[in-house]
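In what follows, a single structure is set out as structure tokens and then discussed.
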Amino acid sequence: MNPQFPEENDYPVEVSGWDSAENFFVEKTVLHWDEAEGKTVLLRCPLYEGTVVFLRLSQPTTQANNFPIAYRTKRIGAPDHRGLARVFLVQLRPRCEAEGSLNEALIEDQPFRG
């Protein structure tokens, strides 16, 4: 068991986006993923619910494509004594139109239809 990432479903990530003051930020943190809560991270940066953020795995993978993935903040908990707030995330996916062209809108938790 790794003391830095004690849970099996914890992954080191970089989270980036624009905070509630419209400043760009990048934070290194841990993505926790479980069936009950879904995906959560602890962040110091203040965010609004509904904000789009991007997560990228920090650890090198065997794949060459380690691209950021878009998420929407679903719920944000109150900051703890360290100033870290638990942020609940929902993955965003591109939505395709019936003709097969890519629509610029993003949808939540829908299977990709390409």
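The values are calculated or read from the model by the stated rules, or taken from the named source; none is laboratory data. Keep in mind that this is a model prediction, so the values were computed, not measured. Because the Cβ atoms are built from the backbone with ideal geometry, glycine has one as well, and the counts that use them run over all protein chains shown.
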Members of segment 84-97 that are surrounded by 11 or more Cβ atoms within 10 Å (Cβ to Cβ) and over 13 Å from VAL41 (Cβ atoms): LEU92, ARG93, PRO94, ARG95, CYS96
Scope segment 34-83; condition β-branched (Val, Ile, Thr) and either in a strand (DSSP E or B) or surrounded by 15 or more Cβ atoms within 10 Å (Cβ to Cβ) (or both); matching residues: THR40, VAL41, THR51, VAL52, VAL53, ILE69, THR73, ILE76
In segment 9-58, residue nearest to GLY83 (Cα to Cα) [restricted to those that are among the hydrophobic types (A, V, I, L, M, F, W, C) and at pLDDT below 95]: TRP33
